[in-house]
């Protein structure tokens, strides 16, 4: 019996070819009457399927902790000192703008230029709340994936689909995309 070791979208080192690739498809081989696949192969887009022993996962740096575990992003209000009219009634919080801070010193993170904030303050306020809560959403996604993996037979089908979507989203966040061809088509 075999279980999938790698997942779709994961970056792996392909030993026989001596190159890095992204897993495009996980292909289990099923046998009638058996609840688990007999073997699992992985399509990396290199011309043939590879077995788990032919692939190696990207190693995490042990000195660099996972940002989901260590960081706590939040929204601070900064004084908008350069504004012509600091009491503009269109602004939800007149005289200030949001800053999403990502470190303990309250200075690293996401800021928006004053001109962009003045153009659409409601949109920027909404974006700041989305950014500040992104790590919480990532934690929820990770818990959903772990639950679906721990209880595959008890998890409803719709929840399994959501777990797959969450897994692909986290894979897109954690793994750098493969380089694509230059040109206008690559931008689409």
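The values are calculated or read from the model by the stated rules, or taken from the named source; none is laboratory data. All values derive from a computational prediction rather than experimental measurement. With ideal geometry, Cβ positions are generated from the backbone for all residues, glycine too; neighbour counts draw on all protein chains shown.
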Qualifying residues in the range 157-179 (those that are over 17 Å from residue 23 (Cβ atoms) and loosely packed, with under 11 Cβ neighbours inside 10 Å) - the one modelled with the lowest pLDDT: 157
Test result for residue 100, under 27 Å from residue 77 (Cβ atoms), part of a loop (DSSP other than H, G, I, E, B), at pLDDT below 80 and touching a helix residue (DSSP H, G or I) at 6+ places or on another chain (Cβ under 8 Å): no
Residue 154 vs. criteria at pLDDT 85 or above, surrounded by fewer than 14 Cβ atoms within 10 Å (Cβ to Cβ), over 13 Å from the mean Cα position of the chain (by Cα) and part of a loop (DSSP other than H, G, I, E, B): yes
Single condition residue 39 does not satisfy, out of (1) surrounded by 12 or more Cβ atoms within 10 Å (Cβ to Cβ); (2) at pLDDT 90 or above: (2)
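For (1) at pLDDT 70 or above; (2) surrounded by 12 or more Cβ atoms within 10 Å (Cβ to Cβ), each residue gets a yes or a no:
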| site | (1), (2) |
| --- | --- |
| 22 | yes, yes |
| 28 | yes, yes |
| 33 | yes, no |
| 74 | yes, yes |
| 86 | no, yes |
Of the criteria (1) modelled with pLDDT of 90 or more; (2) touching a strand residue (DSSP E or B) at 6+ places or on another chain (Cβ under 8 Å), which one residue 48 fails: (2)
